[in-house]
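Enquirer: Quick one: the structure is below, and I'll ask about it shortly.
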Amino acid sequence: MRHLKRTAKLGRTGSHRNAMLANMVCSLIKHKRITTTLAKAKAVRPVAEKVMTLARKSLAREELIREALAKEGITDEKAIRREMGRRGGLHYRRLAVSSVKQEDAVAILFKELAPTQKDRPGGYTRIVQAAVRRKGDAAPVAIIEWVDGDVRASATPVVDVPAPATVSEVKAEEAKIEGVTVKEVTLEETKTEEPDAEVKPAEDEKPEA
């Protein structure tokens, strides 16, 4: 029975798949966002979040060790780093290196990304499905990025405009955004004018047969 064996195969062997996911996590750490297929984005998400959890645990452990060393009167940075290794401060970093295989990516993760996710209890990444599909096989394309990263899914500025009450105010707000002024139309101006009286033909003119 294949219980608990729902891993996405992605058309690769186990070693090939693990190496590919590790490389994708490193690219996500270095570039803050990557574009790939939807299936690969869903497969790389748990790997990236587990590595981020290791970084968050390392930060918490480091804070406890620093507090203990401060009580002991140790303030030298070299001595603190030495005690970090002795008291288990490097354990989570070594686990992360064994997972993604690249020390430079782990250094960026622990120094730059982990402090931004310090107070977030999970859900460090988001997946945004793109409107286009990949050329060739029409596979669905998605963007995976860190939630608090520098790069956002949408670069379009959002204008916070209060909701107007009437149709004329809606048109006025839209015109302000486009840089055009619109005259406000009142209800009296919108009333239809009475049709003109029928023009009677002259007496000398005879109606056509």
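The values are calculated or read from the model by the stated rules, or taken from the named source; none is laboratory data. Computed from a prediction, not measured in an experiment: that's the story for all the values here. Positions of Cβ are backbone-derived with ideal geometry, glycine not excepted, and every protein chain shown enters the neighbour counts. These area figures cover heavy atoms from the full protein model, side chains too; ligands, DNA and RNA do not enter into them. Shrake-Rupley method; radii C 1.70, N 1.55, O 1.52, S 1.80 Å.
Enquirer: Can you put Leu10, Leu69 in order of accessible area, largest first, using a 1.4 Å probe?
Expert: Ranking Leu10, Leu69 by accessible area, largest first, yields Leu10, Leu69.
Enquirer: Tell me, what HN-Hα J-couplings in whole Hz come from the Karplus equation 6.51 cos²θ - 1.76 cosθ + 1.60 at θ = phi - 60° for each residue of the stretch 134-140, using x for Gly and Pro?
Expert: Karplus values, whole Hz, x for Gly and Pro: 5, 6, x, 10, 6, 6, x.
Enquirer: Follow-up question, since we're still on this one. Would you mind working out the accessible area per residue for the stretch 1-89, using a 1.4 Å probe, and quoting it in Å²?
Expert: Working: 5660 Å² over 89 residues.
Averaged over the residues of the stretch 1-89, the accessible area is 64 Å².
Enquirer: Tell me, what is a quarter of the convex hull surface for the C-alpha atoms of the stretch 21-131, in nm² with one decimal?
Expert: So the mean shadow area of the Cα hull is 7.4 nm².
Enquirer: Treat every Asp and Glu Cβ in the stretch 1-67 as -1 and every Lys and Arg Cβ as +1, leave all other atoms uncharged, and give the resulting dipole magnitude about the Cα centre to the nearest 20 debye.
Expert: 460 debye
Enquirer: A further question follows. Local charge sum around Glu83 (other residues, Cβ-Cβ under 13 Å, Lys/Arg +1, Asp/Glu -1)?
Expert: Computed value for this residue: +3.
Enquirer: Here's another thing I want to ask about it. Tell me, what ³J(HN,Hα) does each residue in the stretch 31-46 have, in order and in whole Hz, if you take phi through Karplus 6.51 cos²θ - 1.76 cosθ + 1.60 with θ = phi - 60° and put x for Gly and Pro?
Expert: 9, 6, 7, 9, 10, 8, 6, 5, 5, 5, 4, 5, 6, 7, 4, x
Enquirer: Still on this model: With the full set of protein chains in place, find how many percent of the accessible area of the stretch 1-150 is carbon and sulfur; take the probe as 1.4 Å. Don't skip to the end; give the middle numbers.
Expert: Details: 4840 of 9300 Å².
So the carbon and sulfur contribution to the accessible surface is 52 percent.
Enquirer: Which percent of Cα-Cα pairs in the stretch 1-72 sits in each 5 Å bin, short to long?
Expert: The percentages, shortest bin first, are 3, 13, 19, 18, 13, 10, 8, 7, 5, 3, 1, 0.
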